[in-house]
Amino acid sequence: MPSDTLFHTQPGQLLARGVSRHLAQHGFASVEELVPARGLRVDVMALGPKGEIWIVECKSSRADFLSDHKWQGYLEWCDRFFWAVDPAFPNELLPDDTGLIVADAYDAEILRMAPEDKIAPARRKAMVQKFALTAARR
């Protein structure tokens, strides 16, 4: 019989669930753990009703954030970039020029809107196709 630890949901996965639920209320479809390019894996990619692409990185602790050295590589793959953290997270660690979402497993709230930096049309088309294929395969 499998151990209960195999079915344990990680804190970052709980944050991603709350973020996806919140974004769905605003007309976004979300895919968790999407790979935009080799060597990158974003926690949540969301596709909005106007074709906008948001990436949300979920950080469950100070150590989790400090060990993430790839996040700046995600910026070129989205129109807006957000961090999702729980209410106890030390928000002063997060860069001011990124979005901020506070979440739990059930919902989330956008505390700071991320600045918009639109991606090129060809990259947008490629990302929408990758999003659709990933979603359909799941």
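Taking residue 86, is it surrounded by 15 or more Cβ atoms within 10 Å (Cβ to Cβ) and among the charged types (D, E, K, R)?
It is true that residue 86 is surrounded by 15 or more Cβ atoms within 10 Å (Cβ to Cβ) and among the charged types (D, E, K, R).
Hey, among 80, 21, which residue is more than 23 Å from residue 136 (Cβ to Cβ) and either touching a strand residue (DSSP E or B) at 6+ places or on another chain (Cβ under 8 Å) or open to solvent by 50 Å² or more (accessible area, probe 1.4 Å) (or both)?
Working: 21 fails: more than 23 Å from residue 136 (Cβ to Cβ).
Answer to the check: 80.
Tell me, yes or no, whether segment 73-83 has at least one residue that is closer than 15 Å to residue 15 by Cα and either of a type in the set (S, T, N, Q) or in a strand (DSSP E or B) (or both). Spell out the reasoning first.
The first filter runs over segment 73-83 and keeps only residues closer than 15 Å to residue 15 by Cα, leaving 82-83.
From what's left, either of a type in the set (S, T, N, Q) or in a strand (DSSP E or B) (or both): 82-83.
Checking segment 73-83: at least one residue is closer than 15 Å to residue 15 by Cα and either of a type in the set (S, T, N, Q) or in a strand (DSSP E or B) (or both).
Based on what the data block shows, is residue 37 open to solvent by 20 Å² or more (accessible area, probe 1.4 Å), in a loop (DSSP other than H, G, I, E, B), of a type in the set (A, V, I, L, M, F, W, C) and within 20 Å of residue 112 (Cβ to Cβ)?
On the way: open to solvent by 20 Å² or more (accessible area, probe 1.4 Å): yes; in a loop (DSSP other than H, G, I, E, B): yes; of a type in the set (A, V, I, L, M, F, W, C): yes; within 20 Å of residue 112 (Cβ to Cβ): no.
For residue 37, the condition - open to solvent by 20 Å² or more (accessible area, probe 1.4 Å), in a loop (DSSP other than H, G, I, E, B), of a type in the set (A, V, I, L, M, F, W, C) and within 20 Å of residue 112 (Cβ to Cβ) - is not met.
Criterion first (without any contact (Cβ under 8 Å) to a residue 12 or more places away in the chain and open to solvent by 10 Å² or more (accessible area, probe 1.4 Å)) does residue 13 satisfy it?
no
Being surrounded by 16 or more Cβ atoms within 10 Å (Cβ to Cβ) and under 19 Å from residue 9 (Cβ atoms) is the filter here; which residues of segment 42-63 pass it?
42, 43, 44, 56, 57, 58, 59, 60
Condition first: part of a strand (DSSP E or B) and open to solvent by 70 Å² or more (accessible area, probe 1.4 Å). Now tell me which residues in segment 110-130 satisfy that. Spell out how you get there, then give the answer.
Kept after step one, since they are part of a strand (DSSP E or B), are these residues of segment 110-130: 110-112.
Within segment 110-130, 111 is the sole residue that qualifies.
Identify, from the list 68, 64, the residue that is assigned to a loop (DSSP other than H, G, I, E, B) and acidic (Asp, Glu).
Details: 64 fails: assigned to a loop (DSSP other than H, G, I, E, B).
From the options 68, 64, the qualifying one is 68.
With the condition kept exactly as written, say whether any residue in segment 90-109 is out of contact with any Asp or Glu (no Cβ under 9 Å at 6 or more places or on another chain), in a strand (DSSP E or B) and surrounded by fewer than 16 Cβ atoms within 10 Å (Cβ to Cβ).
Yes, segment 90-109 contains at least one residue that is out of contact with any Asp or Glu (no Cβ under 9 Å at 6 or more places or on another chain), in a strand (DSSP E or B) and surrounded by fewer than 16 Cβ atoms within 10 Å (Cβ to Cβ).
The values are calculated or read from the model by the stated rules, or taken from the named source; none is laboratory data. Only a predicted model underlies this, so the values are computations on that prediction, with no experimental measurement involved. All Cβ positions, even for glycine, are placed from backbone atoms using ideal geometry, and neighbour counts span all protein chains on display. Remember, those area values only see protein heavy atoms, side chains included, never the ligands or the DNA or RNA. Shrake-Rupley method; radii C 1.70, N 1.55, O 1.52, S 1.80 Å.
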